[in-house]
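> I have a structure I would like to understand better, so I am pasting it below and will then ask my questions one at a time.
The values are calculated or read from the model by the stated rules, or taken from the named source; none is laboratory data. This is a predicted model, so every value here is computed, not measured. In this analysis, Cβ positions are derived from the backbone assuming ideal geometry, glycine residues included, and neighbour counts consider all displayed protein chains.
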Amino acid sequence: MNSTTETSNEKTKTSVKTTTKGTKTRREQPKKAAAKQSEPAQRKRPAGGHHSRRRQSAQNAGEPAIPVKIYPLGGLGEVGKNITLYECQGDMLLVDCGLVFPDSDMYGIDLVIPDFTFVLQNKDRIKGVVITHGHEDHIGSLPYLLREFNVPVYATRLTLGLIKNKLEEHGLASSAKLHEIEPRRKIKLGCFTVEPIHVNHSIPDAVAFAIECPAGVVIHTGDFKVDYTPISDGPTDLTTIAEYGKKGVLALLADSTNAERPGFTATEHKVGETFATLFRRAEKKRIIIATFASNLYRIQQIIDLAVRSGRKVAVSGRSMVNNTEMALELGYLHAPDNVLIDIESINKYPPEQIVLITTGSQGEPLSALSRMASASHRNVRVGPGDFIIISATPIPGNEKMVTKVVNGLLRLGAEVIYESMYDVHVSGHACQEEQKLMLTLANPQYFLPVHGEFKHLKKHAMTAASLGMPEKNIYIGENGDCIILSRDALALGEPVTAGAVMVDGLGVGDVGNIVMRDRRHLSEDGLVIVVATVDRASGQVLAGPDIVTRGFVYVRESEELIEGAREQVCHALAGISAQDMRDFGNVKTRIRETVSSYLYRRTKRSPMILPILMEV
């Protein structure tokens, strides 16, 4: 982005200034990152405690320490847009390539992707992209990267299926270099040896990575939780993580999304039990369930319950249809013959025989559930015969949109189960006790919390410190940092370009902060256009000035105001000499200042003023 922001951390005495496209141009920071990052006071490590085991190093004690550089290019200080670049001995490796959806003040923006400047500058050194799982915040930016740089992509089977769907939309599926990986099967990428490690998440086939290089082993968890009774695939592979911990882990980069939540994340089976109760309660009603299109575990539970209760299942929403078809084809979803029906056929069955799975759990304006709430869905008319379950917790910032959808559904007479009324949703991210377990088993020399806003990273750092990890070995990074790790020290190098690029339609990066500022201005106060025709030779006004407004006032009820503004323009033009009239830049500035001052006096509003002078 083109904005200028400053952030500071009292513990590290860090001052970072971010300018054009997020490039960090100035940093006042000690080279050693030994400064404290966590709130609690340094604790003494008990004998035989978490960090008391003798650590084995990838290098002999007498040899110079080989460093690995870690460049977080997204996902720090924010939820989403996850992308991290690793460098060791000249080779580079990317982990994930995600996006984030726009904030409410990003008018007209469709997506926000990472700034790939630094990646493209080093594309000859990058050996591949390894993907932890198939959520948009980890794979969503791949098409935009592959347009510029056809780097090999490594992912598990389901994740590859989701990536292929996305690349087909962009016309890149045939040219992409996609490679399937499996847990416990190592791959060699330059000087990096990467082992995928199975972890639980809200989507199947999620993995963490043990990244081994000459500097040591770095474990990058991706999004994870520890579910001892998962729907499928078995629990998180804690054994492999513990084995690496015994050998010696240089650094752990771990998911911080739920760092503020104590205890353990609930098992997905808890949702299944709640659904079973609600299915019985629905009785003769049609059941409509809104959930994330990628949550295949939940979709499978819904299908299983529908089969047990003698209902047919239909799906609505483009992403839900695409993901369901792909998961059925790959064997990640299972349904008996004739259970799944097309949404066009749902009205052929009585309500008590239908379950509809739909998108829109976050209240997205164009989603299927939102269209149902506004009575504009082509196939579904919601009414008193519907029992609707919103199986998701609103993402921060989406609460108003979800409430709007719920109100719309209730007005149509439906019974709606939402938010915390029942246990209809569990998180896919580790809470504090699972984070402690990961820290304890991995037993890293250094810890870098990732994936979360600053408050999440800070809390995760405090959790690590509470386990006895030296605070000098914990670092809360920022996007664009160059974090240099070796067995001897944690230090910071020169920051690199990192930031956000806005996608608007087919335009990638052509909308920056100046355009966004204008869009905000237009949304707040509207537009006033002043049009006049001027004689080229004499500078005399031949026609106009005419005034046109959009989004400012209703013209028919504000004729006096508009006429007053026109008179102000006439006075301003009359005071300009024929010679000065040829300098259109100054004339437009005079008009803009005159009209803006007049309108503010009369309305206390500051619309955008756009003078247009035509010369004949």
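> Any chance you could count how many residues in the range 200-230 are farther than 23 Å from Ala392 by Cβ and outside any loop (DSSP other than H, G, I, E, B)?
Selection size over the range 200-230: 12.
> Working carefully through the options Val450, Val355, Val426, find the one that is at negative phi, surrounded by fewer than 23 Cβ atoms within 10 Å (Cβ to Cβ) and of a type in the set (A, V, I, L, M, F, W, C).
None of the other options fit; the residue is Val426.
So that you can scan it fast, the table gives a plain yes or no per residue for (1) in contact with a helix residue (DSSP H, G or I) (Cβ under 6 Å, 6 or more places away or on another chain); (2) among the basic types (Lys, Arg); (3) in contact (Cβ under 8 Å) with a residue 60 or more places away in the chain:
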residue: Leu85; (1), (2), (3): no, no, no
residue: Gly98; (1), (2), (3): yes, no, no
residue: Asp110; (1), (2), (3): no, no, yes
residue: Asp115; (1), (2), (3): yes, no, yes
residue: Asn122; (1), (2), (3): no, no, no
residue: His135; (1), (2), (3): no, no, yes
residue: Gly140; (1), (2), (3): no, no, no
residue: Arg147; (1), (2), (3): no, yes, no
residue: Asn150; (1), (2), (3): no, no, no
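> While we're here: Of (1) farther than 29 Å from Ala215 by Cβ; (2) crowded, with 23+ Cβ neighbours inside 10 Å; (3) over 25 Å from the mean Cα position of the chain (by Cα), Leu412 satisfies all except one. Which?
With (1) farther than 29 Å from Ala215 by Cβ; (2) crowded, with 23+ Cβ neighbours inside 10 Å; (3) over 25 Å from the mean Cα position of the chain (by Cα) applied to Leu412, the lone miss is (2).
> Also, quick follow-up: Specify the residue that is farthest from the chain's Cα centre (by Cα); the eligible residues are those in the range 318-343 that are closer than 22 Å to Arg381 by Cα and modelled with pLDDT of 90 or more.
Going through the qualifying residues, I end up with Val339.
> Among the residues of the range 302-325, write down those that are assigned to a helix (DSSP H, G or I) and in contact with a Phe, Trp or Tyr (Cβ under 6 Å, 6 or more places away or on another chain).
Answer for the range 302-325, where residues must be assigned to a helix (DSSP H, G or I) and in contact with a Phe, Trp or Tyr (Cβ under 6 Å, 6 or more places away or on another chain): just Leu305.
> Only one of Ala392, Ala375 is of a type in the set (Gly, Ala, Ser), in the same structural domain as Ile343 (by TED's automatic domain parsing) and at pLDDT below 90. Can you tell me which?
So the residue among Ala392, Ala375 that is of a type in the set (Gly, Ala, Ser), in the same structural domain as Ile343 (by TED's automatic domain parsing) and at pLDDT below 90 is Ala392.
> Which pairs do you get when a residue that is more than 17 Å from Tyr446 (Cβ to Cβ) and assigned by TED's automatic domain parsing to the domain that holds His451, found in the range 240-258, comes within reach of a residue that is part of a helix (DSSP H, G or I) and not basic (Lys, Arg), reach meaning Cβ atoms under 6 angstrom, with the pair 6+ apart or on two chains?
Ala242/Leu441
> Here's something else I'd like to know. Counting residues that are modelled with pLDDT of 60 or more, which strands (runs of 3 or more DSSP E) fully inside the range 20-138 reach at least 1?
Correct list: 68-74, 83-88, 91-95, 111-114, 126-130.
> Here is a further query. Which numbered condition in (1) surrounded by fewer than 22 Cβ atoms within 10 Å (Cβ to Cβ); (2) free of Cβ contacts under 8 Å to residues at least 60 places away in the same chain; (3) over 23 Å from Ala276 (Cβ atoms) is the only one that Ser370 fails?
Ser370 satisfies all of (1) surrounded by fewer than 22 Cβ atoms within 10 Å (Cβ to Cβ); (2) free of Cβ contacts under 8 Å to residues at least 60 places away in the same chain; (3) over 23 Å from Ala276 (Cβ atoms) except (1).
> Right, next: Considering each residue of the range 326-344, count those that are assigned to a strand (DSSP E or B) and loosely packed, with under 13 Cβ neighbours inside 10 Å, and give that number.
0
> May I ask you to list the residues in the range 277-309 that are buried (at least 22 other Cβ atoms within 10 Å of the Cβ), over 14 Å from Ile390 (Cβ atoms) and among the charged types (D, E, K, R)?
Within the range 277-309, Arg286 is the sole residue that qualifies.
> Can you report the number of residues in the range 326-367 which are among the charged types (D, E, K, R), without any contact (Cβ under 8 Å) to a residue 60 or more places away in the chain and in contact with a Lys or Arg (Cβ under 8 Å, 6 or more places away or on another chain)?
0
> Let me ask another. Of Ile203, Ile181, which residue is at pLDDT 95 or above and either in the same structural domain as Asp255 (by TED's automatic domain parsing) or more than 21 Å from Thr440 (Cα to Cα) (or both)?
On inspection, the qualifying residue turns out to be Ile181.
> If you don't mind, there's one more thing I want to ask. Being outside the structural domain of His135 (by TED's automatic domain parsing) and in contact (Cβ under 8 Å) with a residue 24 or more places away in the chain is true for just one of Val450, Val541. Which residue is that?
Val541
> Still on this model: Return the only residue of Asp223, Asp205 being buried (at least 20 other Cβ atoms within 10 Å of the Cβ), under 20 Å from Ser141 (Cβ atoms) and out of contact with any strand residue (DSSP E or B) (no Cβ under 7 Å at 6 or more places or on another chain).
Asp205
> Here's a follow-up. What is the residue count in the range 171-199 for residues that are assigned to a loop (DSSP other than H, G, I, E, B) and of a type outside the set (Ser, Thr, Tyr)?
The number of residues fulfilling the criteria is 14.
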